[in-house]
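The values are calculated or read from the model by the stated rules, or taken from the named source; none is laboratory data. All values derive from a computational prediction rather than experimental measurement. Every residue, glycine as well, gets a Cβ built from its backbone with ideal geometry; the counts of neighbours run over all protein chains shown.
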Amino acid sequence: MSAAQVMSHELESLYVSNSAPIVFVVDEDSAVRESLKSLISCGGWQTETFASAHEFLLRPWPAVPSCLVLNVSLPDLNGLDLQKRVAVDRPNMSIIFITGQPDVYTTVRAMKAGAIEFLIKPLGNDILMGAIQEGIKRSRIELSREAKVQALRDSYAQLSHRERQVMALVVSGLSNKQVGTELGISEITVKAHRGQVMQKMKANSFADLVRMAARLRLERTVGSQHSVRASVQI
């Protein structure tokens, strides 16, 4: 990775940790929106309110810690349907459901889908503010994790085809000599490639490199659209 890329990722991580969080509120009741906006603003967070799911979805997603306070009943998409959209398009955003007509089925579905709270109106201010604080914390952690994973992907993308082959084989447990035999190259050449892999991946130790390979393999499993492709699978 170039010095410019390293600086870019360091700045990205710093931005994620220091950027001002945003709390989004989606509720068709204007009085509820205004009340929540006032309360949340008093907590020191930026607040944006929306009357419908579609109105909210039109808002470009900012790469900052965020939390969505979402009414189950909406005039277009219902809250559960919007939750599905958010999980795909904005996975770093925590969701807190609110409702005036609770039922066990909806609550269970929302919590199983990842909601951090399901609150009943009228809302207790302390409970809501505590839930928002937890939601922002989770969102910040997830954004930081994704920034680190992206840095790993970028480092891996800098490896040559042969370096990726060597990395795949050494982290699988083969010795330099065995890797050389497998690839038809000398042990000295394997050592040279291995050194380049360690440098480009910014691995402080072989154990560190193994953990990186495992992380990249995990990312392929959970998000193929973001996978790092390689001729030899790690």
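Some notes on this structure:
- Residue under evaluation S73, criteria (1) at pLDDT 95 or above; (2) polar (S, T, N, Q); (3) closer than 24 Å to D103 by Cα, criterion not met: (1)
- Count - residues of the stretch 81-108 that are part of a helix (DSSP H, G or I), in contact with a helix residue (DSSP H, G or I) (Cβ under 8 Å, 6 or more places away or on another chain) and crowded, with 16+ Cβ neighbours inside 10 Å: 3
Residue-by-condition table, conditions (1) in a loop (DSSP other than H, G, I, E, B); (2) surrounded by 15 or more Cβ atoms within 10 Å (Cβ to Cβ):
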| residue | (1), (2) |
| --- | --- |
| F24 | no, yes |
| R33 | no, yes |
| L36 | no, yes |
| S41 | no, no |
| T49 | no, yes |
| P60 | yes, no |
| C67 | no, yes |
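- Among residues of the stretch 165-179 that are without any contact (Cβ under 8 Å) to a residue 24 or more places away in the chain, those with a beta-carbon under 8 Å from a residue that is of a type in the set (V, I, T) and part of a helix (DSSP H, G or I) at least six positions away or on a different chain give the pairs N176/V170; N176/V190; K177/V190; V179/V166; V179/V170; V179/V190.
- With respect to the conditions (1) modelled with pLDDT under 95; (2) surrounded by fewer than 18 Cβ atoms within 10 Å (Cβ to Cβ), W45 lacks only one, and its number is (2).
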